[in-house]
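What follows is a single structure, written as structure tokens, with notes after it.
Every number here is computed from the coordinates shown, using simple stated rules; none is lab data. Bear in mind the structure is a predicted one, so any value in this text is a computation, not a measurement. Here the Cβ positions follow ideal geometry from the backbone for every residue, glycine too, while neighbour counts run over all protein chains shown.
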Amino acid sequence: MGFESFDHEQKLCSDDIFEILTRTSSLKTLDMCKCVSKNWNQLVHESTFMPLYCNRTKNMSGYFIQATIRSKNISVFVDRPEKDEKIEKQRAYRYYVCKPATRQWQTLPNPKLRYHTLSVAIFVVGSTPLRFKIVRLSKDQRVVKDYSMMKCEIFDSKAWRWRETKSPHLPCGEMITSSHPVVCAGSIHWLTNDENVLVFHEANESFEKFPLPLSVALDKSKQLVSYQGKLGLTCLRGRDGVMKIWTVEDYNTYRWGDEKSMSVSGLESHCKPCYAAGFYNEGIALFKMANEAVFYRLGDGSVTKVGLGMDMIGKCEFFQFRSDLEPVDLRGGRG
């Protein structure tokens, strides 16, 4: 029986639906379930859902945290908040694609352009067979301030090679302020120092930009995040024990929704966070402080800290990640 003909609201209560969804081992099926109704989508985003789901299905959900130190890429995988540990740490000069859940790794060709890497992001285009794209922004280090000279390259696993594509155009003096990209709604997003969001659309491989809400101008704690499947923007107001969040409600006009406030008053007693790095789910936020990642439950103010090592003491890239335990052909059948 298809979802469209199943009167789930009458036949099942929310507790029953929650129990069924937490035992849905296929991530693809879980994503389909989120589209059934607003109620089902809200259940999946509840703070208790993902930890229970991972325990029952043994699937993984967490973050890759990466920093570049002395030309070495240092990557740490941080699992769900209940597990105060890091799983993987790799050092490499080359590009790799990996599936930590099955310990599979595959080296990739290096880009050809001899430019300094500014940011890297990845799209999974399809899963059967696996197809992914890696987007790399780079810049000639000899041109210090002119970011209109940025280059964009794409690695497409179907062709198994890098190619240069149309580059973003930023006016002289405007630049992306962090290598931390946010991937959601079919696009990659970066903050710029001119209070804008630079957007790369995967579908047509094009760039555009749109402004941030006026109320966050010059706020140094602002950070782009993915929140409930939407592009979000957070700002920390430490003295007030409050985190502000905005989400894009209309992607056609890039209209920001109303400002929302979340209490993080319990955070200061444990640590002084640098910035909000993302949301594990609706009720658990991830903060970066010094050389630790901090999972903070917005409901009761409880904290789980994960040590990252002294190499991670500065700015890092955070990539939200989830995976099942099924082996995958990382080369898409190329042998």
| field | Computed label-point distance, nm, for sites ALA203 and SER323 using a 7 Å Cα→Cβ extension | value | 3.0 nm
| remark: With label points set 7 Å from each Cα along the Cα-to-Cβ direction at ARG237 and LYS220, the distance between them in nm comes to 1.9 nm
| How high is the FRET efficiency from SER265 to ARG161, r the C-beta distance, R0 51 Å, rounded to 0.05? | 0.50
| query | What number, in nm² with one decimal, is the all-direction average of the projected area of the convex hull of the alpha-carbon atoms of segment 203-302? | reply | 7.4 nm²
| Estimated distance in nm for a label pair at HIS169 and PHE210, the labels positioned 7 Å out from Cα along Cα-to-Cβ | 2.1 nm
| remark: Expected sort for 34-44, 210-220 on mean C-beta neighbours within 10 Å, highest first, is 34-44, 210-220
| remark: Sequence order, segment 102-115: Karplus ³J(HN,Hα) from phi using 6.51 cos²θ - 1.76 cosθ + 1.60, θ = phi - 60°, Hz rounded, Gly and Pro as x, gives 10, 6, 9, 9, 9, 6, 10, x, 7, x, 8, 5, 8, 10
| message | Could you give the length gained by full extension between TYR251 and ASN41, i.e. 0.36 nm per residue of separation minus their alpha carbon distance, to one decimal place? | response | 73.7 nm
| request: Note the full-extension length gain between SER127 and THR29 as 0.36 nm times their separation in residues minus their Cα-Cα distance, in nm to one decimal. | output: 34.0 nm
